[in-house]
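A short worksheet on the structure shown next.
The values are calculated or read from the model by the stated rules, or taken from the named source; none is laboratory data. Predicted model, so just to flag it, every value in this text is computed and none were measured. When we count neighbours, we look across all protein chains shown, and the Cβ atoms used for this are built from the backbone with ideal geometry, even at glycine. When the accessible area is computed, the model is the full protein with side chains, heavy atoms only, and any ligands, DNA or RNA have been set aside. Shrake-Rupley method; radii C 1.70, N 1.55, O 1.52, S 1.80 Å.
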Amino acid sequence: MVEQEQLLTAMNASCLPDRPAETPQQVVLVQPESLVISEGGTTVLKCEVENASGIVQWAKDGLLLGPHRDIRGFPRYSMVGEPSKGEYNLQITRSQLEDDALYECQVGPSERSSAIVSHSVLLNVLVPPKMPLLTDYEANSTVTWVAGVEYTVKCQVKDARPAAEIAFSKGDDNVPDAESNTLPGSEDKLFSTEAVLRITPQSSDNRKWLMCRASNAASLIPAVAGFTMNVLFPPDPPVISGYEGPVVKAKDKLKLTCISPSGNPLATLQWLKNGEVISTSWETDDTNQLSRSFLTLSLTAEDNNATVTCRALNQVLSLPLQASLTLHVVFFPEEVKIIGSSSTPENKEISLSCSTSSSNPPVQLRWWLGWRELNATEVSISEGTHGGKIAVSNLTHRALREDNDLPLTCEAFNEAILYAKKASVTLKVLYPPQKIWIDVPPPETVYRAGTQVKLTCFASGGNPLPRLDWFKDTKIVRDGILPSTGPSGNIVSKELLLTTSPSDNTAIYRCNASSPSRTQPPLTAFTRLHVQFPPLQVTITTTTKEVRRNQTLKLTCRSGSSNPPSKLTWLKDGKKLNAIDFGQKKAEYGGFSTSGQLTLVALSADHGKRVECHAYSSVLSEGLNAFYQLNILFPPEFSIEQPHVVRAAEHEVIRLPLLVSASPPEITYRWSFLGEVLLTEGSPRYHLRDGGSLEISKVIRAEAGQYSVRCENSEGFNEITILLDVQYAPSIRSIGDPTTVDLGGTAEIVCQADANPAPAGMFTWRWLGELERNLEELGIEVLSEGLVGRLRVQEAKRAHAGLYECQVDNGISPAARSSARLVVQFPPEIMKSPGQRKVGAPGDGISTAALPCHAQGVPLVEFSWSKKGVALDLQNPRYTILTEHKASLHTSILTIANVSSVHDYGLFTCTASNAMGTDRLDIQLLSISRPDPPTGLKVVAVAHNWLALEWTPGFDGGLEQSFRVRYHRPGTPSFLDVDVFPPQSPMFTLTGLHPNTPYNVSVNACNALGKSDFADGGAGLMVTTTGIKEEPIEREPQTPPVPESESFVLPLFLIELLGALGGFLIISSLSFLGYLLYKRQAQTLQGDGTKDAAGSKVRSENKYSENKWLKFGASSEASTSPRGSSVGTTTSSVATARPWTRMGRHVDSETDGSIMEPTMSPPWLGSPELHEYEEVMVPQKYTGMGPLYTPRYPTEVPWIPEYEGPYQQSRRSLGGYEEIMPIYDLVADSPPVGRDRALPLEYLGELV
């Protein structure tokens, strides 16, 4: 502080100018004072400066806080007061321990005064104690202690200033003698206090709050923490009430109560009787602090002298507390019984004894007979159970007949209980019965076995009533006794319901009436029965043990006893046999036995059959029979139903059945084939099945033939032969492929098959072209004989050429198929459409021209070229010939490089020849020009609002041409023109027309050099549309537009626009479909052949195909022309052929400088494989020029029926909207717009 004052003085001396002595100096008017504050409070340190001219700020522990009144960096510090009054008080809010420091108010020097500093003051921040911490117990919990045991309680108070003082209290009472210790806190200036209390709880401390209080100068209210003491202590001894004693009676209810006061926890109570627990239920009363248990006893004799105990126990006691009492119970004997027989013959003495069970006190006994008391011997007393006594009295009495059924009673009584208990028996005096008789049918009655007969026996008199028993001869009868209805007075009866049997014949049934005393013999009555019955059994016996085939067998039949005698009859297979009768003999039950003998010759057919013997009683119309099963030994024999031929399909599992019998049945089977024994054991394919049948897995045709089997048993052997006929699916061994015939000749395709069976008509032939063709309509004859089928063609035509399929089906799948091609040889025919007779090319010396020549012919066609009758010099490097052979279609393209109008324009001749003949075509090479007008304009279909047109394009002038349709209807001022889309299509559907309206329609062509005249001399066609409800006059087009609404007619230009757009969408879809069909047809012709599911080879068409470039000359470089010229090269060149739709729209609109593949087939030749040739052009030259060549549509070539077949896949024409194949590819899709004079000079051509 001194150094700080000196520093301020030096600053004043060095920095301030000299001031006049009269200038007032700044002075600290009110000095700050040291303060004490509790943590979290607000305080103000005062500082008032008079004449303040310097900067006023506070310092904390020497750190200047800054001159700003909000004291930046210390959000809780601020200077308060009015500066005008010189008040610069420091206010500290929410004070914390870090605010405990030395503070001083400093005033900096100014021009008028030197720096001044106030007194240093101390701000003392007090921290109240936190919540005390009980280290061993949880605050606000319940702590269980045991009374009389010392426990230690530790209480800690951390981080207080000054150190906290700790005190303990128990309830409202302070607990002294706690040891306290002060320790440093977690930070400087803080202190922690720890106190330890040792306490021994008593029962009076139970449920009291033990509290630790912490306080210091900063706390207004002490901080407390504590817990509730749960002090455990034992209960008081139990007390039993409710037994007033000393004597209670048995069967009374005794209610006892046991109470155990005090205790924590309250005692658990249980009742014991003679040391055994009888109740463990009790209740607690927290209000009165006691446990209570009730016991209700239903007293019995067993409770006499019993000890009842109540036990009290809680967790503090090691041994239970208890209270006991002894019960004294008065009880009467539970039982009084009389021992001895109460039944005796008359005039005999009877001895009885009467005894009681245990009682307390003992009872007295007396005897009564009826209403009369009898004299008895003295009563004897002995020890009984449960502390009671047993009494016994004996009686002797002579019984008279008049005492019968009187009650004999023994009475026990006790004066203390005033209750008597009795036991009684009925005195029975016995005497015998007086009379017996039976109720039965007359003795002469005859019964049939199975008849029910009732026999009734009666007896009277006697005591008790006599017992009745039925006897058969000497045996008692127990079955058939009917339930007794009871005596009627002194008469008893017993009924016997008897079902007669053979044993009842001549049997005696007797009824006995006997007295239970058996002192006299029983009374008896009887009757005899007569019963008729059939034979009891029939037996057949023989003396022969083994019987072999053709031996003699004797059988003896004997019937059991019957009454009257029975007669024997022998049967076999339902037929009666003759036998010897031995007569009758006496047998059991008074009946007779009959016997006889049968003699047989054993046959193998009788093995297993039964011989029956019937014993029959004509009197009873009833009999009995027995059979003897013949067991005849014989060697194996085959059944007449044994099959000798077995048919099976190849590769199946077949079984050769064996129908054989033998006795004994153990047969050994040995199969053989072609003289070799078949080993059936362990063989993978031969298996012996039940009955000796032979099973062959996956039989093959080589296993067909005779199978022999030898069957053998212990009696001999036998053999048989079975023919196995293996049938299999057909296969074709050979077929004449190819078969060649000259036009007009005779050909025969031979199909050699292998099959079993080989039924007639198993050969069928089929044409494999795209369209179904009837062979008979073509004049083709189908022949077959055995395993050979023939297809015979006489006067062969081109229509006969193609692929034929031979199918062989004998009923076993799969059928065999194979194909053969019939090749019809004919001389070449060159396709001579108008578009192929002219080729246009600029004669500028740098362009290239391609002259195509297409011909059909078989065999291979060779081409030669000449100009003006003179063969071309093919050594000239400007000439290149590309030749391709595709089946019967042959193409040769003459490419002329660097075309000159002077040297090259002229007439070129293409000559096609083969062994059958020659044909020629003249092609004129000339300059490019306007296109020729179309020809052959016609209507192919018409409706109420549209019509379809078709025409033949003329020469395109050597450039790409497009077409425009012109139409007019009456009442309109001029013609309307519609551009054909696609531009090169030779057909168009004109839409948006009015129904029932005549139209004049024409078409012309245009290219980059100009327009042609209108078709057919400009005459046009007159066409009238149909009515709305009428059908099209010819046929509906394949791409019909949506008919316009009748209720609203659009403007004509809008109708044309919408019609063109709809036609474009439909044609686009059909174009894509046509392209897919084209690709599919091209793929089906690739490859040499495929195989069908049956494995037969289907061959594709025979190809006379060869693709090659013919180049004469040494140079191998390609001469190029401006974009759009024809291309020729000696290398493998590629030109991509693009398919066209039936409406003439090109699928691919890509613009390039290549020409179409010269070998592309015209549409009537089907869809041959595509071959690609490389494009050759001069890059970046003649960019933007129009096309030099346009697609050719060979619609003017007449349809040749002979071309149909291998050469023409289907009958296509432009009229049928079939797919159009371009002869030349596009060069540019969009020709430049402008007048003819805008073309380059080389496109204008040169005069020839």
As straight-line cross-link partners of Lys475, the qualifying lysines (C-alpha separation under 27 Å, not fewer than 8 residues apart within one chain) are Lys435, Lys454, Lys494, Lys586
Looks like region 162-217, by Cα gyration tensor root eigenvalues a ≥ b ≥ c and the a/c under 1.5 rounded cutoff (else prolate when a/b is bigger than b/c, oblate otherwise), is prolate
Treating every alpha carbon of region 532-684 as one equal point scatterer without solvent, the Debye formula yields log10 I(q)/I(0) values at q = 0.10, 0.16 Å⁻¹ of -0.55, -0.91
Which of Lys249/Lys428; Lys797/Lys938; Lys838/Lys886; Lys428/Lys472; Lys609/Lys698 exceed 31 Å between C-alpha atoms? The answer is Lys249/Lys428; Lys797/Lys938; Lys428/Lys472; Lys609/Lys698
Contact order relative to length for region 21-112, counting C-alpha pairs under 8 Å separated by 6 or more residues, stands in percent at 35
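What do you get for Rg/Rh of region 95-196 when both radii come from the Cα atoms and Rh is the Kirkwood radius? The partial results should precede the final answer.
Working: Rg = 22.9 Å, Rh = 17.5 Å.
Rounded to two decimals, Rg/Rh equals 1.31.
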Rounded to whole angstrom, the alpha-carbon centroid of region 90-162 lies from that of region 184-249 at a distance of 31
In vacuo Debye sum over C-alpha of region 115-164, base-10 log of normalised intensity I(q)/I(0) at q = 0.20, 0.27 Å⁻¹, listed in q order, is -0.84, -1.07
Expressed in angstrom and ordered largest first, the alpha-carbon extents of region 859-1017 along the principal axes are 65, 38, 23
One finds the C-alpha centres of region 923-971 and region 728-751 to be spaced, in Å, by 48
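For Ile278 and Lys389, FRET efficiency with R0 = 25 Å and r from the beta-carbon atoms, rounded to 0.05?
On the way: r = 27 Å, r/R0 = 1.09.
Efficiency for this residue pair is about 0.35.
At 1.4 Å probe radius, can you tell me the per residue accessible area of region 368-490 in Å²? Kindly include the intermediate steps, with their values, before the conclusion.
On the way: 7510 Å² over 123 residues.
The answer is 61 Å² per residue.
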The answer for the per residue Cα convex hull volume of region 413-479, in Å³, is 189
Any residue on another chain or 5+ positions along whose placed amide H is under 5 Å from the amide H of Val531 is listed here as Tyr447, Asn505, Thr506
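Counting only protein chains, not ligands or nucleic acids, how are Lys253, Lys130 ordered by accessible area (probe 1.4 Å), most first? List each step's numbers first, then the result.
On the way: Lys253 145, Lys130 100 Å².
Sorted by accessible area, descending: Lys253, Lys130.
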Once the in-chain neighbours fewer than 8 apart are removed, the lysines whose Cα is under 17 Å from Lys158 read Lys130, Lys189
Shape descriptors of region 187-259 over alpha-carbon atoms, Rg and Dmax in angstrom, are 27.1, 88
Binned at 10 Å starting from 0, the alpha-carbon pair-distance distribution of region 772-817 in whole percents comes out as 21, 50, 26, 4
Volume per residue (Å³) of the convex hull spanned by the alpha carbons of region 462-581 is 187
